[in-house]
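J.: Please read through the structure below; I'll follow up with questions.
The values are calculated or read from the model by the stated rules, or taken from the named source; none is laboratory data. Quick caveat, the model's predicted, so the values are computed rather than measured. Cβ coordinates were reconstructed from backbone atoms using ideal geometry, including for glycine residues, and neighbour counts include every protein chain displayed.
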Amino acid sequence: MLDVLCEQLSLRMASGQWISSAELSELVRGCCRDESHVGDVLGFLKKYFLDVDEEKARVRLSSWAQSLFQVSVS
């Protein structure tokens, strides 16, 4: 599940682009089979893979996460 989610995030956040926290929540809900795990997954992503701008309610992949989950488009 995390690999699919991170692939989707890397496609949407190419070159350090930000997405809204609401959009991130929707992506996570789409990948989680159990609604009760959504909060845990969001917390995990925010703690280890994302730069979070609480003031503007947006997130982006951290620079090292971008390189880790880089998707080849060839």
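J.: Check off (1) under 9 Å from the mean Cα position of the chain (by Cα); (2) at pLDDT 90 or above; (3) part of a helix (DSSP H, G or I) for F44 and give me the number that stays unchecked.
T.: Only one criterion in (1) under 9 Å from the mean Cα position of the chain (by Cα); (2) at pLDDT 90 or above; (3) part of a helix (DSSP H, G or I) is unmet by F44, namely (1).
J.: Does region 53-68 hold any residues that are buried (at least 17 other Cβ atoms within 10 Å of the Cβ) and outside any helix (DSSP H, G or I), and which are they?
T.: R58, V59, R60, L61
J.: Another question, if that's okay. Give the number of residues within region 16-29 that are touching a residue at least 12 places away in the same chain (Cβ under 8 Å), of a type outside the set (A, V, I, L, M) and outside any loop (DSSP other than H, G, I, E, B).
T.: Qualifying residue count, region 16-29: 4.
J.: Taking the options E23, E7, name whichever one is charged (D, E, K, R) and either in contact with a strand residue (DSSP E or B) (Cβ under 9 Å, 6 or more places away or on another chain) or modelled with pLDDT of 80 or more (or both).
T.: Answer to the check: E23.
J.: If you don't mind, there's one more thing I want to ask. Does L9 satisfy the criteria of being surrounded by 13 or more Cβ atoms within 10 Å (Cβ to Cβ), in contact (Cβ under 8 Å) with a residue 60 or more places away in the chain, assigned to a helix (DSSP H, G or I) and not hydroxyl-bearing (S, T, Y)?
T.: Yes, satisfied.
J.: When you look at G16, is it within 14 Å of S67 (Cα to Cα), among the small types (G, A, S) and either in contact with a Cys (Cβ under 9 Å, 6 or more places away or on another chain) or surrounded by 11 or more Cβ atoms within 10 Å (Cβ to Cβ) (or both), yes or no?
T.: Judged against the criteria, G16 is a match.
J.: If you don't mind, there's one more thing I want to ask. State whether one or more residues within region 30-40 are surrounded by 14 or more Cβ atoms within 10 Å (Cβ to Cβ), without any contact (Cβ under 8 Å) to a residue 24 or more places away in the chain and either at negative phi or part of a helix (DSSP H, G or I) (or both).
T.: Looking for residues that are surrounded by 14 or more Cβ atoms within 10 Å (Cβ to Cβ), without any contact (Cβ under 8 Å) to a residue 24 or more places away in the chain and either at negative phi or part of a helix (DSSP H, G or I) (or both), one finds at least one in region 30-40, hence yes.
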